[in-house]
1. Using just the Cα positions, wrap the stretch 106-254 in a convex hull and report its mean projected area in square nanometres, one decimal place.
2. Would you kindly find the accessible area of ILE121, with a 1.4 Å probe and non-protein molecules such as ligands, DNA and RNA excluded, rounding to the nearest 10 Å²?
3. If you average the sequence gap of Cα pairs under 8 Å that are 6 or more apart and divide by the length of the stretch 266-371, what percent do you get for the contact order?
4. Could you tell me what percent of the DSSP beta bridges with both partners in the chain are antiparallel, to the nearest 5?
5. With every protein chain present, what is the per residue accessible area of the chain (1.4 Å probe, Å²)?
6. Report the net charge of residues surrounding LEU81, where surrounding means a beta-carbon distance below 9 angstrom and charges are Lys +1, Arg +1, Asp -1, Glu -1.
7. Along Cα→Cβ, 7 Å out, is where each label goes; now give me the distance between the ones at MET242 and GLU355 in nm to one decimal.
8. Considering Cα pairs under 8 angstrom that are at least six residues apart, work out the relative contact order of the chain and quote it in whole percent.
Amino acid sequence: MTERITRPYNFSAGPAAMPVEVLQQAAADMLNWQGSGMGVMEMSHRGKAFMSIIESAERDLRELLAVPPHFRILFMQGGGLAENAIVPLNLSRGGAVDFVITGSWSQKSAEEARKYANVHIAASNEGQAHTTLPAPATWRLSSDAQYVHLCSNETIHGVEFHALPDLNALGCQAPLVIDFSSHVASRPVDWSRVGLAFGGAQKNLGPAGLTLVVVREDLLGHALKACPTAFDYKTVADNASMFNTPPTYAIYVAGLTFQWLKRQTEGDLSGVAAMERRNIAKAALLYDFIDSSQLYLNTVDKACRSRMNIPFFLRDESRNEAFLAGAQAAGLLQLKGHKSLGGMRASIYNAMPLEGVQALVDHMRQFEKTQA
Ligand SMILES: *Cc1c(COP(=O)(O)O)cnc(C)c1O
């Protein structure tokens, strides 16, 4: 029996709130994992106990995200930013690569890739202040691109691809690379449209320090000579993510999160499909309130608003500090917006219950009344 505890609602963009059951399980296992006499951080990564932990984590994740057999799941380190280099080191073959710019994260990815490849910007929403998504039919894809990169959920600007582009239908044979750091496991993934997906764990999967890579098998084995051995996807895959010591504790906690996700249901749905239904309801609650209010504003095109990261602004920005102080006092934490945009941002990942979003809306309504 786990004790029911109440905590403040934490809207951090990342590292972000974790399901309380996961934290309780990790706490219970801290000194003695399943009678082994050891905590998970104290175990050899090659011992039987940890091998069973990493194998279950990989199996559960494959089942949750319905990852097809011809994709490999890699547990790496370095975060999303390291992948901005590791992807071109492995996939670019030193040639041309296409980027779709939709916000700060795809921009950062393109800048880093320039060190290793010939970067071509196929489309950009910079002219619209990153508040819309350029329609795939308008993308100027290169005929010789080794891959096409996009960020499927822009954590700072709050724009999300609700469908991944079908590159084949656009006459492009290159694999699609997605940075899904901030919405992985919030919804199903259409793997038929993806060559490689990567994401840091600290938004929606577990602690910082673990990076998830899901890569189609035929994309392994093409790394540039300069690629560090530990970052060569083929080396990592051939060694079942054990070429060097993996982030063992982060993998274990992510594994607990995968088990938690498998237990989640919404009506007839379970797992990630259940999370999607719940996440749609959570996001609708907040966006509908913002759109109906006279005080708050979200400028993102309704067709591509993120379900995970919701930036919002007060029409009177001089009230930001008062809003945030009141939120903090009401047990609503880490709502300050990213420094590049200002204002507020509510990150409502899988671990945020509907009640947390309702508490935020209640606070926003209350605050609006005091501003009349
Ligand atoms: C947080 C984030 C990253 C950065 O990840 P690090 O682990 O800090 O390197 C990259 N991409 C997206 C979309 C993110 O949200």
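The values are calculated or read from the model by the stated rules, or taken from the named source; none is laboratory data. Keep in mind it's a predicted model, so treat the numbers as computed, not measured. Positions of Cβ are backbone-derived with ideal geometry, glycine not excepted, and every protein chain shown enters the neighbour counts. The accessibility values were calculated without ligands, DNA or RNA, using every heavy atom of the protein model including side chains. Shrake-Rupley method; radii C 1.70, N 1.55, O 1.52, S 1.80 Å.
1. Projected over every direction and averaged, the Cα hull of the stretch 106-254 covers 9.4 nm².
2. Approximately 50 Å² of ILE121 is accessible to the 1.4 Å probe.
3. 28
4. In the chain, DSSP labels about 55 percent of beta bridges as antiparallel.
5. Value returned for the chain: 43 Å² of accessible area per residue.
6. -1
7. Result for the modelled spin labels: 4.1 nm.
8. With pairs under 8 Å counted, the relative contact order is 22 percent.
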